[in-house]
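Below: the structure, in structure tokens.
The values are calculated or read from the model by the stated rules, or taken from the named source; none is laboratory data. These numbers come from a predicted model, not from an experiment. Using ideal geometry, Cβ is built from the backbone for each residue, glycine included, and neighbour counts are taken over all protein chains shown.
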């Protein structure tokens, strides 16, 4: 399974925020080959991470990646459907890079569909699970296509959640945003506006921005 630039950026953004909160229990929903779980483990030295993946090939690769890492004793791989695997304890942080192309044309490749389409776990399924599994003062991080931003606030509110940060991701200054990174937690009594910011990946073709390099330099060998 290909590791995308936006997934790496999302993982680095999440890990940068986790430096501050240092969660002890982390849930990675749809871990794929384990990228986000490994990035979180690198930053959170005491965290125990449960990484859930439904697709067999990706789950097997994630398990191998975890075993080969310095954090093998702190990352637990689960080849299962998260909807059938509700954990008894809640989590201080939840990470999710869910399928992107919900309700859009699927490819003939079943594994690719599972990785990129929400044919199984819909956003309407994901957010209740986050609300159930997230600790009272925990934070959840979700990466989505920018075009889905308009529908997210109502879905969050329906599930007792509230965004406290929206970060738009643009390929270059000339491009429109193509992803949005969301940090949310349980809704509190105050109804406050959510701060928005933007991260641009490239200043020009092949030249990364300082913001992008600042987030990714601890994870890329050459940047």
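Within the stretch 163-187, the set of residues being surrounded by fewer than 16 Cβ atoms within 10 Å (Cβ to Cβ) and free of Cβ contacts under 8 Å to residues at least 40 places away in the same chain comprises 164, 172, 173, 174, 175, 176, 187.
Condition first: assigned to a strand (DSSP E or B), farther than 29 Å from residue 213 by Cβ and in contact with a helix residue (DSSP H, G or I) (Cβ under 8 Å, 6 or more places away or on another chain). Now tell me which residues in the stretch 35-72 satisfy that.
Passing the criteria: 52, 53.
Taking the criterion of being in contact with a helix residue (DSSP H, G or I) (Cβ under 6 Å, 6 or more places away or on another chain) and free of Cβ contacts under 8 Å to residues at least 40 places away in the same chain, the residues of the stretch 19-34 that qualify are 19, 33.
Tell me, yes or no, whether the stretch 187-197 has at least one residue that is modelled with pLDDT of 95 or more and touching a strand residue (DSSP E or B) at 6+ places or on another chain (Cβ under 7 Å). Checked the stretch 187-197: at least one residue is modelled with pLDDT of 95 or more and touching a strand residue (DSSP E or B) at 6+ places or on another chain (Cβ under 7 Å). None of 144, 134, 155, 221 is in contact with a strand residue (DSSP E or B) (Cβ under 8 Å, 6 or more places away or on another chain) and at pLDDT below 95 except 144. Hey, does the stretch 73-86 have a residue that's modelled with pLDDT of 90 or more, in a loop (DSSP other than H, G, I, E, B) and in contact with a strand residue (DSSP E or B) (Cβ under 7 Å, 6 or more places away or on another chain)? Checked the stretch 73-86: at least one residue is modelled with pLDDT of 90 or more, in a loop (DSSP other than H, G, I, E, B) and in contact with a strand residue (DSSP E or B) (Cβ under 7 Å, 6 or more places away or on another chain). Please determine whether any residue of the stretch 5-12 is more than 12 Å from residue 97 (Cα to Cα) and crowded, with 24+ Cβ neighbours inside 10 Å. Among the residues of the stretch 5-12, not one is more than 12 Å from residue 97 (Cα to Cα) and crowded, with 24+ Cβ neighbours inside 10 Å, which makes the answer no.
Mind listing just one residue for me: the one in the stretch 149-162 that is touching a helix residue (DSSP H, G or I) at 6+ places or on another chain (Cβ under 9 Å) and surrounded by fewer than 16 Cβ atoms within 10 Å (Cβ to Cβ) and, of those, nearest to residue 197 (Cα to Cα)?
151
This table checks each residue for (1) closer than 22 Å to residue 137 by Cα; (2) crowded, with 20+ Cβ neighbours inside 10 Å.
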{"residue": "51", "(1), (2)": "yes, yes"}
{"residue": "55", "(1), (2)": "no, yes"}
{"residue": "62", "(1), (2)": "no, yes"}
{"residue": "66", "(1), (2)": "no, yes"}
{"residue": "76", "(1), (2)": "no, no"}
{"residue": "82", "(1), (2)": "yes, yes"}
{"residue": "90", "(1), (2)": "yes, no"}
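Scanning the stretch 126-145 for residues that are part of a helix (DSSP H, G or I) and surrounded by 15 or more Cβ atoms within 10 Å (Cβ to Cβ) yields 126, 127, 128, 129, 130, 131, 133.
Do we find that residue 16 is part of a strand (DSSP E or B) and either touching a helix residue (DSSP H, G or I) at 6+ places or on another chain (Cβ under 9 Å) or under 14 Å from residue 92 (Cα atoms) (or both) in this structure? Considered against the rule, which asks whether it is part of a strand (DSSP E or B) and either touching a helix residue (DSSP H, G or I) at 6+ places or on another chain (Cβ under 9 Å) or under 14 Å from residue 92 (Cα atoms) (or both), residue 16 comes out as no. Inclusion of residue 40 among residues that are touching a residue at least 12 places away in the same chain (Cβ under 8 Å), under 12 Å from the mean Cα position of the chain (by Cα) and within 25 Å of residue 145 (Cα to Cα) is warranted. In the set (1) touching a strand residue (DSSP E or B) at 6+ places or on another chain (Cβ under 6 Å); (2) farther than 19 Å from residue 8 by Cβ; (3) modelled with pLDDT of 95 or more; (4) not in a strand (DSSP E or B), residue 149 fails one condition alone, (3).
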